Amino acid sequence: MAKVETIVFLSLILDLFAFTIPLPLFPRIIEWYTLRESTDPRGFLSQTLGGVRAVRSLLYKPGAQSQRWDVVLLGGLMGSIFSGLQFFVSPKIGALSDKYGRKRVLLATMVGNILSALVWMKSTSFSSYLLSRVIGGLSEGNVQLAIAILSDVTTAANRSKALAHVGIAFAICFCIGPPIGAYFASRPLPPSINSWGIELNIYAVPALITVVLLVLETIFLVVALPETKGTKVSDKYVDRKDEAKSSKANGVTSSTSNGSSNKASPKASVEKRISTLKALRQLHFLFLSLFSGVEFTLTFLTFDLLDWNNTQNGKLIGSIGIISALLQGGYVRRSASKIGEGKMARQGVLSCFMALGLLALLPHYVEQTGSAEPNSNGRSNTALRLLQLSAVCMAFTSATVVNSLTAFASLQCDDTGGYDEVTGKPATENPDLAKGQALGKFRSSGQLGRALGPIAACASYWTFGPSLTYSISAVAMLALYIKMKPIAATRSIQ
């Protein structure tokens, strides 16, 4: 269903554009709240920072950078809250979409996303900003439901190609969202609004843009998106040439005159797919536990060591998005089904190992200067090159790992018993293989990693410092690369 794929892709562009706008602003948002509420010892933020300092004092002797590192840890807590809530709600969102339909549940989540952005725009206290993150964490369902929708309308043979649109949307939005967020963060609200006597967040302009994007996305989904739950993928939706090529590339050949794939018996196939899904959920959790830590602390690293501003951080994240988009369209989309989703994901894990190693070296080249401006000296030039090389490696990781694992997991949800000619539903449904629920559990495992990763990485950052933190993460990523060898040898299309 080319039309549905286009609708899903455009809705993801709007959704992820809104999601990426605030990414480079987190350090300065937290710093703004810290300066604003530091004089109130009974305030929520002061008490939270007091708890952070109490824990830190047990592990680390305060130094010159302790105040900045408190901001780093608090940023990790903020990221963990959103992902932790996603861990709990993702399976439920998926199960509800299996029961009530993808479109209905997706529209319900959009209402929550809009409310979250409105609360952010009005938040002038840390507690109200935290509330916006809670609402967003409980509401976000666009990505997981987009994957379920694409799985509804594609065959196993062209699934990876279709799901590559999700990764491409991520990459495009990481190109444009952070720089735009950083640009409008420096733009004040019109004086006419200030004259109304309504106090808004310091970054109300980026928040307003987020609201507009989410409203546009909701209207677009209401008008354009059809319901796909229970869709029977018939010949008119399948490019047989593409399917044959993909099947040949994955080692799947026709075994009957009517073109049916050579598959194991339904019982054996179901058992194997459930086992593969469990392995993929574990790998998803382990990878994102490590990657989300480096991903989240990257802007705090530049804030802490290089004193970069919102614009510089926005350019860094945007450059990663540009490279990732090029890789998605030029390499991943064309090659995933040929070399295998497992092997593709493993390549990305190796690239992340390299990125972490480069970041572990970077602090040694800025400690003496405190800067990595291009024209300062040889050591800081080296630091800048290390940061740039690590960004390229992270872009390759972003383009490959999660998208490949997601496609791999989605392929396990294909029913082995065909479709009932009367009802159009799978002939032998297994609850563990229902698309919405299975993909919801898969996303939930990743969100648990995203919940634990930032806080663990940030705690390590101010306890042991950035160099040791990234070194330990690099060793763990190498171990994960070795652990992925069996899954890389497993065929994604059963």
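The values are calculated or read from the model by the stated rules, or taken from the named source; none is laboratory data. In this text the structure is predicted, and so the values were computed from the model without any measurement. Heads up, the Cβs are rebuilt from the backbone with ideal geometry, glycines too, and the neighbour counts pull from every protein chain shown. Just so you know, the surface numbers come from the protein's heavy atoms only, side chains and all, with ligands and any DNA or RNA stripped out. Shrake-Rupley method; radii C 1.70, N 1.55, O 1.52, S 1.80 Å.
Within the stretch 2-30, can you find the residues that are of a type in the set (K, R) and touching a residue at least 24 places away in the same chain (Cβ under 8 Å)? Selection gives R28 alone. Of the residues making up the stretch 23-40, just one is touching a Leu at 6+ places or on another chain (Cβ under 6 Å) and open to solvent by 10 Å² or more (accessible area, probe 1.4 Å), namely E37. Just to be sure before I move on: is R36 closer than 25 Å to I135 by Cα, of a type in the set (D, E, K, R) and either in a helix (DSSP H, G or I) or modelled with pLDDT of 70 or more (or both) in the structure I sent? It is true that R36 is closer than 25 Å to I135 by Cα, of a type in the set (D, E, K, R) and either in a helix (DSSP H, G or I) or modelled with pLDDT of 70 or more (or both). Restricting attention to the stretch 386-415, the residues that are open to solvent by less than 10 Å² (accessible area, probe 1.4 Å) and either free of Cβ contacts under 8 Å to residues at least 60 places away in the same chain or polar (S, T, N, Q) (or both) total 6. Of the numbered criteria (1) open to solvent by 20 Å² or more (accessible area, probe 1.4 Å); (2) modelled with pLDDT of 85 or more, the one Q47 fails is (2). Whether a residue is more than 30 Å from L301 (Cβ to Cβ), in contact with a Ser or Thr (Cβ under 8 Å, 6 or more places away or on another chain) and modelled with pLDDT under 85 was assessed, and C413 passes this test. Scanning the stretch 324-361 for residues that are at pLDDT 90 or above and under 24 Å from L23 (Cα atoms) returns G348, V349, S351, C352, F353, M354, A355, L356, G357, L358, L359, A360. Of all residues in the stretch 1-22, how many are open to solvent by 10 Å² or more (accessible area, probe 1.4 Å) and more than 16 Å from L214 (Cβ to Cβ)? Count: 7. Within the option set L200, L216, being at pLDDT 80 or above, among the aliphatic types (A, V, I, L, M) and not in a helix (DSSP H, G or I) holds for one residue only, L200.
Listed by position, the helices (runs of 4 or more DSSP H) contained in the stretch 265-351 that have at least 2 residues being open to solvent by 10 Å² or more (accessible area, probe 1.4 Å), of a type in the set (F, W, Y) and in contact (Cβ under 8 Å) with a residue 60 or more places away in the chain are 266-301. Out of all the residues in the stretch 125-178, which are among the aliphatic types (A, V, I, L, M) and not in a helix (DSSP H, G or I)? Residues satisfying the conditions are V153, A156, A157.
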